[in-house]
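Values quoted throughout were computed directly from the atomic coordinates according to the rules given, and no laboratory measurement underlies them. The shown structure was predicted, so the numbers you read here are calculated from the model rather than taken from an experiment. Virtual Cβ from ideal backbone geometry, glycine too; neighbours counted across all protein chains shown.
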Amino acid sequence: MSISKLAAQAAPSKVVGKDGDVSLLEYLDSSQVHCLNESKDHSIQPIFQTKSKNTSDAYLLSDVDEQLLLNLTFNQTVRIRSIVLQSSSAAQAPKLIKLFINKPSLGFEDVEDASEPEATQVLDLAEGVVAQGTPIPLRYVRFQGVNSLHIFVASNQGGEEETRIDAIDIIGLPVETTNMSGFRKAEEE
């Protein structure tokens, strides 16, 4: 069997973007997905339960104020081309977000005052983009060897006390790697 056929069987990802891009949600390490300042009744786990873009009634809601810090860890290295944030509440939809990559642990004190280049990218989202769940293009060159993505929601569209996210998708490509642990060093004769 050819390598391309094996790869196709091993990665049943549905192509969603250009250049063979796929949803990277299936590569999330569910045990390492968490969110700071999430409501106990509307946490992050249910919107990633199916490892595909959420279409259920579940949603993520902030607790004390409008800020959220989502920490998403992948089970392999990925390249991210775009993200989708969708909210059914226009006033509670994310507005200013800051993206960080490959940080072992982040807290609000690490991200609130950060700007580029400390933040990998800062985005001011239009209301329509979040309402319709339109893919938000990223600076692809900055999102090449991603093991974890951190999304800081600094504010929402209406200045509301709570921020609501109904669905998230991350679009890009897994980085193909070779597991070298099974190879033996060739002995010299």
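What to note about this one:
- Of the trypsin sites (Lys or Arg not before Pro) in the range 73-174, those whose Cβ has at most 13 other Cβ within 10 Å and which sit in DSSP loop: R139
- In this label model, A131 and Q32 are separated by 3.7 nm, measuring between points 7 Å along each Cα→Cβ vector.
- Here the extension length gained between E116 and S52 equals 20.1 nm, from 0.36 nm per residue of separation less the Cα-Cα distance.
- Tensor-based shape of the range 30-175 (alpha-carbon gyration tensor, a/c under 1.5 rounded, otherwise prolate or oblate): rounded
- Label zone of S88 (point 7 Å out along Cα→Cβ, amide N under 17 Å): in the range 119-135 this covers 130-134.
- Rounded to the nearest whole Hz, the Karplus-based 3J(HN,Hα) values (6.51 cos²θ - 1.76 cosθ + 1.60, θ = phi - 60°) of the range 165-175 follow the sequence 10, 8, 8, 9, 9, 10, 10, x, 9, x, 7, with x at glycine and proline.
- Estimated at 0.36 nm per residue, the fully extended path between Y140 and S43 surpasses their Cα-Cα distance by 32.0 nm.
- Spacing of the modelled spin labels on F108 and L96, each 7 Å from Cα toward Cβ, amounts to 1.5 nm.
- The residue among V175, N75, L96 whose Cα reaches farthest toward the positive pole of the charge dipole of the range 30-175, with charges on the beta-carbon of Lys, Arg, Asp and Glu, is V175.
- For the listed peptides 22-35, 148-161, a ranking on the average number of other beta carbons within 10 Å per residue, highest first, reads 148-161, 22-35.
- For the range 37-45, Karplus couplings with θ = phi - 60° (6.51, -1.76, 1.60), whole Hz, Gly/Pro x: 6, 8, 5, 5, 7, 9, 8, 6, 4
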